[in-house]
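Heads up: the structure comes next, in structure tokens.
FYI, it's all coordinate maths here, none of it is from the lab. Small disclaimer: the values here were computed from a predicted structure and weren't measured. So basically every Cβ, Gly included, is an ideal-geometry build from the backbone, and we count neighbours across all protein chains shown.
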Amino acid sequence: MELSTRKMTDEYAIEILGWKYESPYDLYNNVLSGEAILELTRHSYKAILSDEKVVGFFCTGKDAQVPAGHEFGAYKDDCIDIGLGMRPDLTGNGLGSKFLHYILEKIQHEYDGCIRLTVADFNKRAIHLYEKFNFVKKQAFLRKDMKFIVMVKED
């Protein structure tokens, strides 16, 4: 799987917003709306393609933060936040390492210092992947009934 990054377009955003994940990952399902398309296309979101097909996306900065985390001081340190998502039919197939490595290379070309991400506590598969890349758990917080883990990669 050869990966490339593209500017997020309306077409890519519409495709991504239509992705449907199986339970318990359905937390990551989105609703296709004009507002959601604008959010993906006018902010820091980038599409990741393989063979000209969208296979995922990533975002940085405030776009990657869970707003409730601010109440708990989760984002007070000077780190770059990243968020990411992979097309549902590709998850759980051993592609995560290559996907995350690609994103981290892109981020590290533009930013110095620590990289931070926030992940839902139930997403053991993602947490395990992040730990393989030397992310460590720094903090946890609740949003409604959902626990989130803030992880940081210092190196």
Practice task
Would you tally the net charge around Ile149, using a Cβ to Cβ cut-off of less than 10 Å, leaving Ile149 out, and scoring K and R as +1, D and E as -1?
Solution key: +2
Problem - Charge context of Ile80, other residues only, Cβ under 13 angstrom, K/R +1, D/E -1 - result: -3
Completion exercise
Counting only residues 5 or more apart in sequence or on a different chain, those whose built amide H sits under 5 Å from that of Met8 are Ala47
Handout entry: Ellipsoid semi-axes in whole angstrom, largest first, where each is sqrt(5λ) of the Cα gyration tensor of the chain
Key = 22, 18, 16
Practice task
Among DSSP beta bridges lying fully in the chain, give the percent that are antiparallel, nearest 5.
Solution key: 90
Exercise for the section: Compute the FRET efficiency between Ala140 and Leu17 as 1/(1 + (r/R0)^6), taking r as their Cβ-Cβ distance and R0 = 22 Å, and round to the nearest 0.05. Expected result: 0.20
Exercise for the section: Given the options Tyr111, Tyr28, Tyr12, state which has the largest fluctuation in a GNM of the chain using a 10 Å cut-off (strictly under) for Cα springs. Expected result: Tyr111
Handout entry: Dipole magnitude (debye, nearest 20) for the range 4-153, charges at Cβ of Lys, Arg, Asp, Glu
Key = 400
Exercise for the section: Determine the sum of side-chain charges near Arg125: Lys and Arg each +1, Asp and Glu each -1, restricted to other residues whose C-beta is under 14 angstrom from that of Arg125. Expected result: -1
Problem - Solitary cysteines of the chain, where the nearest other Cys Cβ is not under 4.7 Å - result: Cys59
